[in-house]
Amino acid sequence: MARIVVVTSGKGGVGKTTTAASFAAGLAKSGFKTVVIDFDVGLRNLDLVMGCERRVVFDFINVITGDARLHQALIKDKRLDNLFILPASQTRDKDALTEEGVEQVLNELREDYDYIICDSPAGIERGSHLAAYHADDALVVTNPEVSSVRDSDRVLGLLASRTLRAEQGREPVKEHLLLSRYDPHRVKKGDMLSVDDVCEILAIDLLGVIPESEDVLNASNSGLPVILEQETDAGQAYLDAVARYQGEERPHRFINAERKGLFGRMFGG
Amino acid sequence: MVIGKYFRERKSRQGSASLAKERLQIIVSHERAERGGPDYLPMLREELLQVVRRYVTVDPDAVRVEVEREGSHEVLELNITLPEHCESEEQR
């Protein structure tokens, strides 16, 4: 029986798709059979970040409308044997994503997989509601920036009230904070909210801090989840986050500014 | 002189994060208070504001409507802050 994890945020452009791709790849790498679903109908992007855009034949909507079987739409990752992608549709009407359709697909996947990662669209509209409704866990991706933190708090409100778990009065969705695009130097200078600030405001468990890094862009440019770029800071930060999610205790890294030496100051900028 | 300018700039730049934190704490606690209440609360608040404004000029923030749960019953708490020239009295 799979555990369903939604990757969500209030604001767009904070790194949900990057996170969904890396998290799914990380779980698959730890040996779990994992599928990652793109719920962002109309703006599909997960396939591009995962580097399988040219292998998309059928998509999530095709499965829901009955034009394709689930196994026809699932794309097997080329790098990891137990990782699968269910891409979103780019062209179809958003309303084709129905509650019943989503439930049916999730129920079918549940039997076969250990983890189902749902890459939610931004915001608090229907698409994100559908992505979050069946979730057991939520990764709330937030940037250390006022609008992102505020919108994350709104998303937390919805996770607490409008999910299946909430409606059935079961144990609430477990919320994890993933703080992305973190720049310790700016935090040290006092012009970026710190991890502690964000944790204090949102009051949820911190799963990980992803440092602002050019490696994230490089990885997505080449269609590779950044977690597979193991020598990079961002990749390691995601590895830590996945390990913590599985219950391992790891100290948080990349949250303190390294002291720059004289040469660092002169040439590092 | 240059050094003085450097420190002045440094000083004035400090605190934009603390300002952000302060603003966020206020807005988030405000929004959390409204959350979870019945859907009609914002509308009730708006109409109350209109009624009060027929008699007194008040700020949009002057009307606070909150629902509190006490055991089996709910209490609708209404708090209207009148401007200072009206002896700044609070009405419940």
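FYI, it's all coordinate maths here, none of it is from the lab. It should be emphasised that the depicted structure is a prediction, and the values quoted were computed from it without experimental measurement. In this analysis, Cβ positions are derived from the backbone assuming ideal geometry, glycine residues included, and neighbour counts consider all displayed protein chains.
Per-residue mean of other chain beta-carbon atoms within 10 angstrom of the beta-carbon, peptide A:153-160?
Partner Cβ neighbours, averaged per residue: 3.
Just counting partner chain Cβ atoms within 10 Å, what average do the residues of peptide A:2-9 show around their Cβ?
Working: counts 0, 0, 0, 0, 0, 0, 0, 0.
Rounded to a whole number, the mean comes out at 0.
Evaluate Rg over Rh across region B:21-81, taking Cα atoms for both radii and Kirkwood's formula for Rh.
Numbers: Rg = 13.1 Å, Rh = 12.8 Å.
On the Cα set of region B:21-81, Rg over Rh gives 1.02.
In this model, which of A:LYS33/A:LYS78; A:LYS94/B:LYS21; A:LYS11/B:LYS21; A:LYS16/A:LYS78 are farther than 26 Å apart at the alpha-carbon? The partial results should precede the final answer.
Details: A:LYS33/A:LYS78 14 Å; A:LYS94/B:LYS21 36 Å; A:LYS11/B:LYS21 18 Å; A:LYS16/A:LYS78 22 Å.
Table pairs above 26 Å Cα-Cα are A:LYS94/B:LYS21.
Using alpha-carbon pairs under 8 Å, 6+ residues apart, how would you state the relative contact order of chain A in percent? If you can, show how the numbers build up before the last one.
On the way: 548 pairs, mean separation 64.0, N = 269.
For chain A, the relative contact order is 24 percent.
For chain A, with equal point scatterers placed on the C-alpha atoms only and solvent neglected, what are the log10 I(q)/I(0) values from the Debye formula at q = 0.08, 0.11, 0.17 1/Å, to two decimals?
Reported log10 I(q)/I(0), two decimals: -0.31, -0.58, -1.36.
Hey, fewest Cβ within 10 Å first, where do A:THR142, B:THR81, A:THR163 land in order?
So the ranking, lowest neighbour count to highest, is B:THR81, A:THR163, A:THR142.
Report, in whole Å, the centroid distance computed from the Cα atoms of region A:57-78 and region A:194-242.
30
How many partner chain Cβ atoms sit within 10 Å of a residue's Cβ in peptide A:63-75, on average, as a whole number?
For this peptide, the per-residue mean of nearby foreign Cβ atoms is 0.
Would you calculate a helix-derived [θ] at 222 nm for chain A, using -39,500 (n - 2.57) for each DSSP H run of n ≥ 4 and dividing by the full residue count, to the nearest 500?
On the way: 13 runs with 111 residues, N = 269.
One gets -11500 deg cm²/dmol as the mean residue ellipticity at 222 nm.
Counting other C-beta atoms within 10 Å, which of B:TYR55, A:TYR133 has the fewest, and how do the rest follow?
Values: B:TYR55 9, A:TYR133 23.
Starting with the residue having the fewest Cβ neighbours, the order is B:TYR55, A:TYR133.
Work out which GluC sites (Glu not before Pro) in chain A are exposed loop sites (DSSP not H, G, I, E or B, at most 12 other Cβ within 10 Å) and give the longest gap free of them. Numbers along the way, then the final one.
Values: sites that count: A:GLU125, A:GLU231, A:GLU248, A:GLU249, A:GLU258.
Looking at chain A, A:1-124 is the longest stretch - no exposed GluC sites (Glu not before Pro) with at most 12 other Cβ atoms within 10 Å.
What ranking, highest mean first, results for peptides B:60-66, A:78-84, A:66-72, A:4-10 when packing means the other Cβ atoms within 10 Å averaged over each residue? Present the calculation step by step, with values, prior to reporting the outcome.
On the way: B:60-66: 15.0, A:78-84: 17.3, A:66-72: 12.9, A:4-10: 27.3.
For the peptides B:60-66, A:78-84, A:66-72, A:4-10, the packing ranking is A:4-10, A:78-84, B:60-66, A:66-72.
How much of the DSSP bridge set in chain A is antiparallel, in percent, rounded to the nearest 5? Please report the intermediate quantities before stating the final value.
Numbers: 2 of 31 bridges.
Bridges in chain A that DSSP calls antiparallel: roughly 5 percent.
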